[in-house]
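Beneath this line is the structure, given in structure tokens, with notes to follow.
The values are calculated or read from the model by the stated rules, or taken from the named source; none is laboratory data. Because the structure is a prediction, the values reported are computed rather than measured. Cβ: placed from backbone, ideal geometry, glycine included. Neighbour counts: every protein chain shown.
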Amino acid sequence: MSVKTGPQRYPGSSRANWYQDDFPGDPMEVNVVVLHTTEGPSLPGYGGGGSAPNLTAVPDFHAKRLRWFQHFDIEVSSRALQNLKGGVETNTLNVCQVELVGTCDPKTHRKWDKAGQRHVFWPEAPEWALEGVARFLSWMHEEHGVPLTGPKSWPAFPQSFGNGRKQRMTASKWGKFEGVCGHMHVPENDHGDPGAIDFAEILRRAKADLDLEEPPADTTPGRPGRPKIPAFPGRKFFRDGAVNDHVLKLGKQLVKRGFGDHYKVGPGRNWSEADRLNVRDFQKSRPELRGDADGFPGPLTWKLLFS
């Protein structure tokens, strides 16, 4: 049985449609996220949970955001992939599955448009929808180590159905894969979702959320280059018992910014209660962070502290 190493609930997600009690899955150490589209305009019933993913993202058009519903723990196998007996493992091979409510089918998109049915056509998804997916992926990278990489080929539906563009992985490649892919890439399956979703833009936003891509320097003549913000290393470096150079770097920056009051001597490599209290003081000083001033740095705390 694999040991669960990260948070099992996506922050802010609803458990109103929780299925794990009725369909217990297998424990696993997640290193893959599979993106689906529901091909329907609202939260599916999933046959009472018998074909449910780990999470579903439902567009809230009024608030311009995604509302998340969690059906299984992050590191418990869900049931949205075809998994043939005696074949390769799909649902249980370290996969967290996400359904995106909407469609990837241009024909369905035109039909719903004509009927006045509000929906997300994922190949042309609005920025707020792409941002919602990106934030989930950045959280999965930060908390569960899922690489922010994936297949290069994301063909449009219906060409993506079956293996029409040769995008589907072989059993061998699937067994070695780590990162983010679509239903269209999984062996033993023929579905073509999520079609031509803008995967490159989603990854760009996810990496930007974690400061994994540095902003370009200001090269205006006569002006200094824009200082680079060090990449956020991940929350695991700032937990009880952690000893590393990231803690020391954080502490020095806190002192530099005037938030070192709780250090008796000075910052060190051991994460301590003094570090947490100093981080909390910094968070309480910023309106963007006051609602989550728990003293543990995340990507936004790190970015604002080093800006």
Matching residues, segment 149-176, being within 30 Å of ARG239 (Cα to Cα) and crowded, with 17+ Cβ neighbours inside 10 Å: GLY150
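Is it true that some residue in segment 260-273 is in a loop (DSSP other than H, G, I, E, B), touching a Gly at 6+ places or on another chain (Cβ under 6 Å) and within 17 Å of VAL243 (Cα to Cα)? Steps first, please.
Keep residues of segment 260-273 that are in a loop (DSSP other than H, G, I, E, B), which gives 260-269, 271-272.
Right, trim to touching a Gly at 6+ places or on another chain (Cβ under 6 Å) and you get 267.
From what is left, the residues that are within 17 Å of VAL243 (Cα to Cα) are 267.
Among the residues of segment 260-273, at least one is in a loop (DSSP other than H, G, I, E, B), touching a Gly at 6+ places or on another chain (Cβ under 6 Å) and within 17 Å of VAL243 (Cα to Cα), which makes the answer yes.
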Within segment 91-134, considering residues that are of a type in the set (Asp, Glu) and out of contact with any Leu (no Cβ under 8 Å at 6 or more places or on another chain), the one surrounded by the most Cβ atoms within 10 Å (Cβ to Cβ): ASP105
Failed item in (1) in a strand (DSSP E or B); (2) in contact with a helix residue (DSSP H, G or I) (Cβ under 6 Å, 6 or more places away or on another chain), with ALA52 passing the rest: (1)
Condition check for GLU89: at pLDDT below 95 and within 20 Å of VAL146 (Cα to Cα): yes
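Tell me the residue from VAL88, VAL146 that is surrounded by fewer than 17 Cβ atoms within 10 Å (Cβ to Cβ), in contact (Cβ under 8 Å) with a residue 24 or more places away in the chain, of a type outside the set (D, E, K, R) and part of a loop (DSSP other than H, G, I, E, B), please. Outline the logic, then answer.
Values: VAL146 fails: surrounded by fewer than 17 Cβ atoms within 10 Å (Cβ to Cβ).
Every option except VAL88 fails the conditions.
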Test for ALA208: is it out of contact with any strand residue (DSSP E or B) (no Cβ under 8 Å at 6 or more places or on another chain), part of a helix (DSSP H, G or I), crowded, with 16+ Cβ neighbours inside 10 Å and at pLDDT 85 or above: yes
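Those residues that are over 29 Å from LEU137 (Cα atoms) and either touching a Phe, Trp or Tyr at 6+ places or on another chain (Cβ under 8 Å) or part of a helix (DSSP H, G or I) (or both), I need them from segment 228-259; list them, please.
Let us first name the residues in segment 228-259 that are over 29 Å from LEU137 (Cα atoms), namely 252, 255-259.
Within segment 228-259, LYS252, VAL255, LYS256, ARG257, PHE259 qualify.
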In segment 1-29, residue surrounded by the most Cβ atoms within 10 Å (Cβ to Cβ) [restricted to those that are at pLDDT below 95 and in contact with a helix residue (DSSP H, G or I) (Cβ under 9 Å, 6 or more places away or on another chain)]: TYR10
Residues located in segment 274-307, provided they are closer than 15 Å to PHE237 by Cα, assigned to a helix (DSSP H, G or I) and aromatic (Phe, Trp, Tyr): TRP302
